[in-house]
Amino acid sequence: MSMRKARFWRRAYLMFSLALGVISPWVCWYLIPEFNPITKPLSYFGVSELTAWYWNASLIVISVALYLNAKKSIRNHFKPSSGKQLLDLLLMLSFISLLITALFPMDKTLIHRISATGFFLSYNLFVFCFGFLRSKKYIRKGMFSMIIGSCMLLSSLLLLPFPSYGVFEIVYFSFALFWNGKLFYKRIQTEPTFNR
């Protein structure tokens with residue numbers, strides 16, 4: 001496969017996956033209209049008979065996209081260094097954690113909780129460290145990721161007033177998708193166009 005075709009399919013996959021990250025909760029919510037994120041976590045979609053296959057498959061597709069998008073951004077913005085190794089480690093940990101979360105739904109309580117917690121912590125730290133390391137060269141560009149990472153962390157405060165993880169998960173994933181969308185958009189602006 002030529003570089004042009006590979007780039008096209010990678011972009012198409014990432015755009016589809018980012019859109020899926022927005023659409024999937026709404027589709028599942030439509031199928032289960034009684035769902036309430038204040039009382040139930042989004043993981044409920046992974047065990048409900050109506051939505052389990054769709055939700056868990058979506059999580060797998062999204063986890064691969066988050067990994068590919070971030071991995072490509074690491075390569076574009078960082079030279080080989082100990083900082084890059086830390087980013088690679090955090091990204092791999094978050095990727096594996098989200099995959100396990102999809103493969104072991106909420107009814108597998110302990111495994112699901114450990115993997116979900118692993119994802120939220122490692123991905124949050126990855127985004128913040130990405131910005132911190134980037135700010136050493138480009139302060140403004142690095143601050144964007146650091147602010148998003150801080151907002152992702154602060155969204156955990158939503159666990160205090162609400163009895164379920166649902167609201168926190170929605171806010172957290174909104175920040176994660178926004179960050180990925182911004183990185184993806186900036187990268188395609190700098191990559192060679194297909195007609196060159």
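Here, each number is a calculation from the coordinates, and none is a lab measurement. As the structure is a prediction and not an experimental result, all values here were calculated from the model. All Cβ positions, glycine included, derive from the backbone under ideal geometry; neighbour counts span all protein chains shown.
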Cα-based shape type of the range 1-61, given that a ≥ b ≥ c are square roots of the gyration tensor eigenvalues and the cut on a/c is 1.5: prolate
Selection from LEU66, TYR30, THR117, by position along the positive dipole direction of the chain (Cβ): LEU66
Shape call for the range 3-190 from the C-alpha gyration tensor, a ≥ b ≥ c root eigenvalues: rounded (a/c under 1.5), prolate (a/b greater than b/c) or oblate? prolate
The range 3-190: Lys pairs at Cα distance under 18 angstrom, eight or more positions apart or on different chains: 20
Report the residue, chosen from PRO37, PRO80, PRO25, that carries the largest GNM mean-square fluctuation when the chain is represented by alpha-carbon nodes joined by springs under 10 Å. PRO80
Once you've got the GNM for the chain with C-alpha springs shorter than 10 Å, pick whichever of GLY83, GLY118, GLY149 has the biggest mean-square fluctuation. GLY83
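Take every Cα pair under 8 Å in the chain that's 6+ residues apart, average their separations, divide by the length, and report that relative contact order as a whole percent. Before the final figure, lay out the partial values.
Values: 201 pairs, mean separation 45.9, N = 196.
23 percent.
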Simple Cβ-charge dipole of the range 3-190, Lys/Arg +1 and Asp/Glu -1, about Cα centre, in debye nearest 20: 1500 debye
Relative to the chain, whose Cα atoms define the longest principal axis, helix 82-103 and its Cα axis are tilted in degrees, nearest 10, by 30 degrees
What chymotrypsin sites (Phe, Trp or Tyr not before Pro) does the range 24-65 have in DSSP loop regions with at most 12 other beta carbons within 10 Å? none
Any chance you could give the angle, 0 to 90 degrees and rounded to 10, that helix 166-190 forms with the longest Cα principal axis of the chain? 20 degrees
What do you get for the angle between helix 139-154 and the principal long axis of the chain? Use alpha-carbon atoms, 0 to 90 degrees, nearest ten. 10 degrees
Checking the a/c ratio against 1.5 first, then a/b against b/c, what shape does the Cα gyration tensor give for the range 29-72? prolate
Order by protection proxy (mean Cβ within 10 Å, highest first), peptides 88-94, 65-71: 65-71, 88-94
In the Gaussian network model of the chain, springs joining C-alpha atoms below 10 Å, which of SER43, SER81, SER135 carries the largest mean-square fluctuation? SER81
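Would you mind counting up the charge near TYR44? Only other residues with Cβ under 11 Å from its Cβ, with Lys and Arg at +1 and Asp and Glu at -1. Could the numbers behind the result be given before it?
Working: positive: LYS40; negative: GLU34, ASP107, GLU169.
Around TYR44, the charge tally is -2.
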